[in-house]
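Take a look at the structure below.
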Amino acid sequence: MIPVSRTFFLTGRHGRPLRRTTAAALSLMTVGLLALTGCTQWDDPPPLPPAGVYKHGAAAENSRAEPIRPSGVAAALTRPLREAGWFCAQARANADGRELWCRKGHRDESDMVTSQVAQFLLDRDDRLAWAWFPPAGAVPEAKEVVGAAAPTLTAIWPDAGDRVREEINDFENDLRTDPAAHNGDTPRTGWRDTHAAYRYDRLNGLVVTAQDTFVRRWPFGSEHYATSMSSAVDDLLAGGYDCTYPPQQTCNRVQSNGAFHVTLRGDQIVSARFGIGSQMESGRQRHRLSEEFPHGLTFLTDAVRGPVTERIEQSRRTGTSFAGIVAGTIVIIDARKGSSDGDDLVAYLDIQIGAPLAATSPV
């Protein structure tokens, strides 16, 4: 019988972890944990990404985004999120596995949107190998992590969700009642069951590593939809962005108080985020896309640039948000309307194109 264990870490006054462990056999638990996570100890932060998973050559990389298949583990895993209003897609795949990316925008009373993400890695046999439920926003709340992780994991591992709720809620309660827990290193907790190892802290959220499923080469493709940063810099400069690349991955545009941010693998763009305004007068766009991108969205490939641009322009004309797949490309648009009167409209759009690689930040 595999021992089910719980290990809880708080930080003492001198920065040394205090451990409270309940286990059938401490030695068996330690051996099991080391076998599951290599040399990483429970009181270490979870490795994001795990060592070596992207250090490989192309392995039949496919970066064309696809909807979640109607059946199988991916469908079951993401169904609770999709029913709760999340957008989910297969972001990329290769010969060893495939990455799923789910996202929901939480809009507050000031019309600002905070993004919450969940990432999953499945092996080629459609088994969950790894999952990450990062916290949302600058002030993370455990209830958002629990609310995403518990029903999702329950869908494939019926007993996992209740354990997630119990462990994280107990951890948060202990933090609130123990002042020493807030000193020194980031407090974290970990546990394992027959399915996986679980590691949680407020900074990283919940990381799940399956016990008997492993993907050696994680998918990293983005060539279907994105070009290289070096080829896009000149056009960004021409649009008024302040870019010093390499190594800069965020280019600021003072004129519009905006920014263009990319995640990269080497020089290859993996995802891009930027904001742009919209000013419709009598049904005509007065703030043209070319003011900020004189030659169009040249960080996108020829195959997807036209359809993605049209999807963005549609949201700019109507001031509406969008989350979906366009020409095999993940497109997220969060629109905020400043004013609207008939054919007149003022709005601002936060746009994300593509999904970052699993276990990399920002999510």
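The values are calculated or read from the model by the stated rules, or taken from the named source; none is laboratory data. As the structure is a prediction and not an experimental result, all values here were calculated from the model. Cβ atoms come from the backbone with ideal geometry, glycine included; neighbour counts cover every protein chain shown.
The set of residues from region 307-320 being part of a helix (DSSP H, G or I), of a type outside the set (Asp, Glu) and surrounded by 14 or more Cβ atoms within 10 Å (Cβ to Cβ) comprises 307, 308, 309, 311, 312, 315, 316, 317, 318.
Yes or no, residue by residue, for (1) closer than 21 Å to residue 61 by Cβ; (2) surrounded by fewer than 21 Cβ atoms within 10 Å (Cβ to Cβ):
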residue: 81; (1), (2): no, no
residue: 84; (1), (2): no, yes
residue: 95; (1), (2): yes, yes
residue: 99; (1), (2): yes, no
residue: 104; (1), (2): no, no
residue: 108; (1), (2): no, yes
residue: 113; (1), (2): no, yes
residue: 117; (1), (2): no, yes
residue: 121; (1), (2): yes, no
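Take residue 35 and decide whether it is outside any loop (DSSP other than H, G, I, E, B), at pLDDT below 95 and out of contact with any Phe, Trp or Tyr (no Cβ under 6 Å at 6 or more places or on another chain). Considered against the rule, which asks whether it is outside any loop (DSSP other than H, G, I, E, B), at pLDDT below 95 and out of contact with any Phe, Trp or Tyr (no Cβ under 6 Å at 6 or more places or on another chain), residue 35 comes out as yes. Right, residue 212: over 30 Å from residue 320 (Cβ atoms) and assigned to a helix (DSSP H, G or I) or not? No; evaluated as a whole, the condition is false for this residue. Here 109, 141, 99 are screened, and the one residue that is more than 23 Å from residue 358 (Cα to Cα) and out of contact with any Asp or Glu (no Cβ under 8 Å at 6 or more places or on another chain) is 109.
A single entry from 273, 265, 253 fulfils the requirement of being basic (Lys, Arg), over 22 Å from the mean Cα position of the chain (by Cα) and modelled with pLDDT of 95 or more: 253.
Summed over region 130-155, the residues that are surrounded by fewer than 15 Cβ atoms within 10 Å (Cβ to Cβ) and touching a residue at least 12 places away in the same chain (Cβ under 8 Å) give a count of 1. A Cβ distance below 7 Å, combined with a sequence gap of six or more or placement on separate chains, defines the contacts here; from region 227-245, residues that are under 17 Å from residue 273 (Cβ atoms) and of a type in the set (Phe, Trp, Tyr) reach residues that are surrounded by 15 or more Cβ atoms within 10 Å (Cβ to Cβ) and modelled with pLDDT of 95 or more in the pairs 241/251; 241/252; 241/253; 241/260; 245/229; 245/233.
Residues that are within 28 Å of residue 358 (Cβ to Cβ), in the same structural domain as residue 50 (by TED's automatic domain parsing), of a type outside the set (D, E, K, R) and more than 24 Å from the chain's Cα centre (by Cα) occur in region 187-208; there is at least one.
Does any residue of region 96-109 turn out to be in a strand (DSSP E or B), touching a Phe, Trp or Tyr at 6+ places or on another chain (Cβ under 6 Å) and of a type in the set (A, V, I, L, M)? Yes, region 96-109 has at least one match. Within region 200-219, the set of residues being under 18 Å from residue 90 (Cβ atoms) and buried (at least 24 other Cβ atoms within 10 Å of the Cβ) comprises 218, 219.
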